[in-house]
Amino acid sequence: MPTLSFEPRRAVRAIRALLRDPEDLPQVFTIIEALSGPAPARLLARFRRTPSGTRLLAARPDIVTLLEDREGLRRLPAGSLGRAYLAFVESENISAAGIRAASAEGGFRPARSSEHEYVKARLRDTHDLWHALTGYRGDLVGEAVLLSFILAQTWNPGIGFLVATAFVKANDQPDPARRAEFRRLLVDGFRRGRAAAWLPDQEWEALLP
């Protein structure tokens, strides 16, 4: 049965591929999963301690069904989370189903239990809702800053590795002002994540309107 331990060799292969193509989303999933260590177990434990997390684990709704219904999202009120999500995915030309496919391409492995599997899939499937909620775009900067936000919420070492890499890679930016701004955004994303309500166990289905 798969474990939740570190897989450094798998991570190194994915890191090399990501360095060749920074927009290779499947490699991002692989790195996070290979370096996640005890984070998934901690997440599940916290789910079990909250009323909303307990309800999600019992019902296990598949939010992708709602997120793929763009006409349904379009009928939601202006200014709603669902409409903000729709605007984000349409502007970025992405979809929840596409992220699910990218995670499979990246070798998204079965977790040790069905509950672990559900929590992992839930975080993956709601990723772009976090974008809509925080206002971070889907470009490389926006993704890095959102990962910093998520790191503060989940303390996942794999995500921490990616955020640290982004912080160091800022040195590649020749403009000192832009380099400083990117790093400021990374720090601010982490601070916002620490200050925010805990998002992994949110019942997004009820929040879309």
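Of the residues LEU129, LEU146, only one is open to solvent by less than 40 Å² (accessible area, probe 1.4 Å), in contact with a His (Cβ under 9 Å, 6 or more places away or on another chain) and at pLDDT 95 or above; which? Lay out the reasoning, then the answer.
Details: LEU129 fails: in contact with a His (Cβ under 9 Å, 6 or more places away or on another chain).
Exactly one of LEU129, LEU146 is open to solvent by less than 40 Å² (accessible area, probe 1.4 Å), in contact with a His (Cβ under 9 Å, 6 or more places away or on another chain) and at pLDDT 95 or above, namely LEU146.
If you take just the helices (runs of 4 or more DSSP H) that sit entirely in the range 90-209, which of them hold at least 2 residues that are farther than 23 Å from ARG49 by Cβ? It would help to see each step written out before you state the result.
Numbers: elements: 96-105, 114-125, 127-134, 140-154, 157-169, 176-195, 204-207.
Once the helices (runs of 4 or more DSSP H) in the range 90-209 are filtered for at least 2 residues that are farther than 23 Å from ARG49 by Cβ, what remains is 96-105, 127-134, 140-154, 157-169, 176-195.
What residue, among those in the range 60-76 that are among the aliphatic types (A, V, I, L, M) and assigned to a helix (DSSP H, G or I), is farthest from LYS120 (Cα to Cα)?
Looking only at the range 60-76, we keep the residues that are among the aliphatic types (A, V, I, L, M), and these are 63-64, 66-67, 73, 76.
Filter once more, so that each one left must be assigned to a helix (DSSP H, G or I): 64, 66-67, 73.
Values: VAL64: 14, LEU66: 18, LEU67: 17, LEU73: 24 Å.
Taking the candidates together, the pick is LEU73.
Kindly list the number of the only condition in (1) of a type in the set (D, E, K, R); (2) within 17 Å of the chain's Cα centre (by Cα); (3) not in a loop (DSSP other than H, G, I, E, B) that fails for ARG83.
(2)
Step by step: first the residues of the range 165-209, then only those that are under 17 Å from the mean Cα position of the chain (by Cα) and at pLDDT below 95, then the one that is least open to solvent (accessible area, probe 1.4 Å). Which residue is that?
ALA166
So if I check each of PRO77, PRO51, PRO61, PRO38, which one is at pLDDT below 95 and surrounded by fewer than 20 Cβ atoms within 10 Å (Cβ to Cβ)?
Working: PRO77 fails: at pLDDT below 95; PRO51 fails: at pLDDT below 95; PRO61 fails: at pLDDT below 95.
The conditions single out PRO38.
Please determine, by comparing only the residues of the range 40-86 that are among the hydroxyl-bearing types (Ser, Thr, Tyr) and in contact with a helix residue (DSSP H, G or I) (Cβ under 7 Å, 6 or more places away or on another chain), which one is nearest to PRO200 (Cα to Cα). So that I can check it myself, show each step before the final result.
Here is the first cut: in the range 40-86, the residues among the hydroxyl-bearing types (Ser, Thr, Tyr) are 50, 52, 54, 65, 80, 85.
If we keep only those that are in contact with a helix residue (DSSP H, G or I) (Cβ under 7 Å, 6 or more places away or on another chain) as well, we get 54, 85.
Details: THR54: 12, TYR85: 17 Å.
If we take residues in the range 40-86 being among the hydroxyl-bearing types (Ser, Thr, Tyr) and in contact with a helix residue (DSSP H, G or I) (Cβ under 7 Å, 6 or more places away or on another chain), then THR54 is nearest to PRO200 (Cα to Cα).
Quick one: would you say PHE190 is farther than 19 Å from ALA39 by Cβ and aromatic (Phe, Trp, Tyr)? Full working, then the answer.
Working: farther than 19 Å from ALA39 by Cβ: no; aromatic (Phe, Trp, Tyr): yes.
No.
Could you check ARG122 against (1) surrounded by 18 or more Cβ atoms within 10 Å (Cβ to Cβ); (2) more than 26 Å from LEU56 (Cβ to Cβ) and say which number it fails?
(2)
The values are calculated or read from the model by the stated rules, or taken from the named source; none is laboratory data. This structure is a prediction, so every number in the text was calculated from the model and none was measured. Cβ atoms come from the backbone with ideal geometry, glycine included; neighbour counts cover every protein chain shown. Calculation scope for accessible area: heavy atoms of the full protein, side chains included, ligands and nucleic acids excluded. Shrake-Rupley method; radii C 1.70, N 1.55, O 1.52, S 1.80 Å.
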